[in-house]
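Student: Shown below is the structure under consideration.
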């Protein structure tokens, strides 16, 4: 009788555990990709665009500062040439004029170098602040997604809620710190 049941059975017991696990893994990965793939992809694309924009802005400011530095360098070269022509006409007057021009050019170069350094620092600060805010926002979004997708027990829900509140508080504090840096 057992042979008759086995011959007519439509459902068999799959004894190959590896294949069964692969099927289960494929189902779970499919559900995760369908439910969370778009949100993560859009968040990463948005972050990439904001980082690229910040880097382009910093690069543009650097190029402008570099052009100003080149202009000052050209003025310095011109001043040196002028000083040489004056030196042949009036040595003592040439020395004084050359010294004044050189000092002015040196002061201008120092000022531009300081400005370039401060713009580099500001760009780095803004970029790191943007990355930090994105990390916090992503953490909050993942935690909230976990709350909506996963059924939490009574002990887990308050812990996860307090973690989200702490992340939001850190985000507010970081924004305040960054705004005070930008104002300074």
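The values are calculated or read from the model by the stated rules, or taken from the named source; none is laboratory data. Computed from a predicted structure; not experimentally measured. So basically every Cβ, Gly included, is an ideal-geometry build from the backbone, and we count neighbours across all protein chains shown.
Student: Examine region 77-94 for a residue that is surrounded by 11 or more Cβ atoms within 10 Å (Cβ to Cβ), at pLDDT 90 or above and part of a helix (DSSP H, G or I), and state whether such a residue exists.
Tutor: For region 77-94, residues surrounded by 11 or more Cβ atoms within 10 Å (Cβ to Cβ), at pLDDT 90 or above and part of a helix (DSSP H, G or I): present.
Student: Within region 15-25, can one find any residue that is surrounded by 10 or more Cβ atoms within 10 Å (Cβ to Cβ), modelled with pLDDT of 90 or more and farther than 30 Å from residue 95 by Cα?
Tutor: yes
Student: Return yes when residue 40 is closer than 30 Å to residue 132 by Cα and surrounded by 14 or more Cβ atoms within 10 Å (Cβ to Cβ) and no when it is not.
Tutor: yes
Student: Please go through region 48-74 and give me each residue that is over 11 Å from residue 119 (Cβ atoms) and touching a residue at least 60 places away in the same chain (Cβ under 8 Å), ordered by number.
Tutor: Within region 48-74, 50, 51, 54, 55 qualify.
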